[in-house]
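The values are calculated or read from the model by the stated rules, or taken from the named source; none is laboratory data. Being a predicted model, the structure only gives us computed values, none of them experimental. Counting neighbours? That spans all protein chains shown, and the Cβs are built from the backbone with ideal geometry, glycine included. Remember, those area values only see protein heavy atoms, side chains included, never the ligands or the DNA or RNA. Shrake-Rupley method; radii C 1.70, N 1.55, O 1.52, S 1.80 Å.
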Amino acid sequence: QTMEQIDPVLEYALNLGSESLRFSIDANPHKIAQIWFGKMHNHSGFEVHILLSGNCKLDMEGGSCLLEAGQAIIIPPGQYHRPMAVTPNQEKLTLSVNIAEGPLYRAVLAAVTKQGIYTLPEELKSLVENILLESGQDRGFRQEMIMIRMAELVILLLRQLDLREKPKQIPEGKVRTVGIIDLYFQDNLSKNPKADELAAQLYISRRQLHRL
């Protein structure tokens with residue numbers, strides 16, 4: 001994870017396996033308790049609105065929806081939308097997420113297109129509350145703490161979309177070899193495993209074992 005500050009926006013990069021994404025939030029303030037409104041617009045990345053209190057209406061292409069406290073909406077890239085407050089006081093967090101073109105981008109886009117509004121689990125609501133609280137504090141390493149929590153927030157949102165890390169595919173010819181190695185360490189990890197013994201089980205030399 002890396003961080004760079006582009007005032008008044010905090011922008012971070014996060015690597016998830018072979019995928020990379022960037023997310024950004026307004027540096028000040030994170031906590032907004034006022035009428036929320038705007039003009040029809042779109043973004044190049046995914047825009048996430050998380051509402052902790054109050055209600056708001058979102059006008060979007062093809063219709064509108066109501067976002068209530070304890071819910072989040074993820075708006076896909078290029079979709080025109082306009083948030084309009086329903087209640088005068090709101091507590092929300094808005095972030096932009098840019099994902100490089102690839103499997104993760106396509107998976108997120110498909111999930112968001114299928115279901116736009118999500119009910120937040122308690123751990124996610126608590127994390128957002130902590131981010132808002134931290135953003136209002138004047139303490140050392142404030143930005144670093146927000147960065148860590150925002151990275152956790154992005155991962156929890158991906159879990160909310162039911163996205164899973166795909167297991168690495170092992171070439172078919174190596175499946176049996178990998179299985180033998182796994183079982184050997186599983187059975188002998190506490191017994192001082194020896195390279196010669198493992199090589200003998202695989203019917204290869206110690207040099208071949210080290211290459212493997």
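Once all protein chains are placed together, residue 84 keeps about 70 Å² accessible to a 1.4 angstrom probe.
Per-residue extension of 0.36 nm, minus the Cα-Cα distance of residue 109 and residue 55, leaves a gain of 16.9 nm for this segment. Note on residue 123: accessible area is roughly 120 Å² with a 1.4 Å probe, heavy atoms of protein only.
Here the Karplus curve 6.51 cos²θ - 1.76 cosθ + 1.60, taken at θ = phi - 60°, turns the phi angles of segment 92-102 into couplings of 8, 9, 10, 9, 10, 10, 10, 10, 5, 4, x Hz, with x standing for Gly and Pro. Rounded to 0.05, the FRET efficiency of the residue 162 and residue 19 pair, given R0 = 25 Å and the Cβ-Cβ distance, is 0.95. Of 49, 43, 210, the residue with the largest accessible area leads and the full order is 210, 43, 49 (1.4 Å probe).
What the phi angles of segment 138-144 give under the Karplus curve with 6.51, -1.76 and 1.60, with θ = phi - 60°, is a coupling list of 10, 10, x, 6, 4, 5, 5 Hz, glycine and proline written as x.
Between residue 130 and residue 185, the FRET efficiency from the beta-carbon distance, with R0 = 45 Å, is close to 0.70. Using a probe of 1.4 Å on the protein chains alone, the accessible area found for residue 48 is around 0 Å².
Lysine pair count for segment 61-212 (Cα-Cα distance under 23 Å; residues 8 or more apart in sequence or on different chains): 5. In terms of the Cα gyration tensor, with a ≥ b ≥ c the square roots of its eigenvalues, is segment 62-182 rounded because a/c is under 1.5, prolate because a/b exceeds b/c, or oblate? It is oblate, given that a/c is not under 1.5 and a/b is not larger than b/c. Length gained on full extension, residue 194 to residue 123, computed as 0.36 nm times the residue gap minus the Cα-Cα distance: 21.1 nm.
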